[in-house]
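Asker: Can you read through this structure? Questions will come right after.
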Amino acid sequence: MLPAVLVLLLVLVLSGAGFALEALWWIALIALAARLLGRLVRPAGRGGRPGHCYHW
């Protein structure tokens, strides 16, 4: 009985981790898209250089 419960707990943890990792990928893609849109929409500063780089 105990091994079956441990296996079920392991499956539950691993599937939860997989969902969390997939959610993190979606968040990273959304953040990247927002960053790129911000680069395209923001006008260039003096000298034709973009403003605030934030060392990215």
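The values are calculated or read from the model by the stated rules, or taken from the named source; none is laboratory data. This structure is a prediction, so every number in the text was calculated from the model and none was measured. All Cβ positions, even for glycine, are placed from backbone atoms using ideal geometry, and neighbour counts span all protein chains on display. What goes into the accessible areas is simple: the full protein's heavy atoms, side chains included, and nothing from ligands, DNA or RNA. Shrake-Rupley method; radii C 1.70, N 1.55, O 1.52, S 1.80 Å.
To keep it simple, each residue is scored yes or no on (1) open to solvent by 100 Å² or more (accessible area, probe 1.4 Å); (2) of a type in the set (Val, Ile, Thr); (3) at pLDDT below 85.
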site: VAL5; (1), (2), (3): no, yes, no
site: LEU21; (1), (2), (3): yes, no, yes
site: TRP26; (1), (2), (3): yes, no, no
site: GLY45; (1), (2), (3): no, no, yes
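Asker: On the basis of being surrounded by 10 or more Cβ atoms within 10 Å (Cβ to Cβ), modelled with pLDDT of 85 or more and under 22 Å from the mean Cα position of the chain (by Cα), does ALA17 make the cut?
Answerer: On the way: surrounded by 10 or more Cβ atoms within 10 Å (Cβ to Cβ): yes; modelled with pLDDT of 85 or more: no; under 22 Å from the mean Cα position of the chain (by Cα): yes.
The answer is no for ALA17.
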